[in-house]
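No value in this document is a laboratory result; all are computed from the given coordinates. Treat the numbers as computed from the prediction; the structure is a model and nothing was measured. Methodologically, a virtual Cβ is constructed for each residue, glycine included, from the backbone with ideal geometry; neighbour enumeration extends over all protein chains shown.
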Amino acid sequence: MAKTEVRMAIDPFKVVAQALNKVKKKPSTARIIAIDYDETADVLYIKFKHSKTVDNEALDEDGLILASLNQQNEIVGLTIMEASTFTE
């Protein structure tokens, strides 16, 4: 049986680290439980906690890093647009 190699177009952990370095408000935990990357749209979705999202908040001046917030106003996920630019 041939071994299949799986790769992503970006390093999601590097993107998250770079994105979090650019913002003041950070998630209470940086433990990632789910990652999804849309290579065509260049958008990285990160989930830190299983929780219902009730609001979104831009965390940077350019509006490229959006936080998904739960009812307690905790960051439970991130949406990082133009994700490949965070690896440069």
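Descriptive notes on the structure:
- Assuming charge only on the beta carbon of Lys and Arg (+1) and of Asp and Glu (-1), the dipole of the chain about its Cα centre is about 540 debye to the nearest 20.
- Cα Rg over Rh - the chain, Kirkwood: 1.01
- Relative to the dominant Cα principal axis of the chain, helix 12-21 is inclined by about 30°.
- Sum of side-chain charges, Leu78 neighbourhood, beta-carbon under 12 Å (Lys, Arg +1; Asp, Glu -1): +2
- Ordering of 78-87, 39-48, 16-25 by burial proxy (mean other Cβ atoms within 10 Å per residue, highest first): 78-87, 39-48, 16-25
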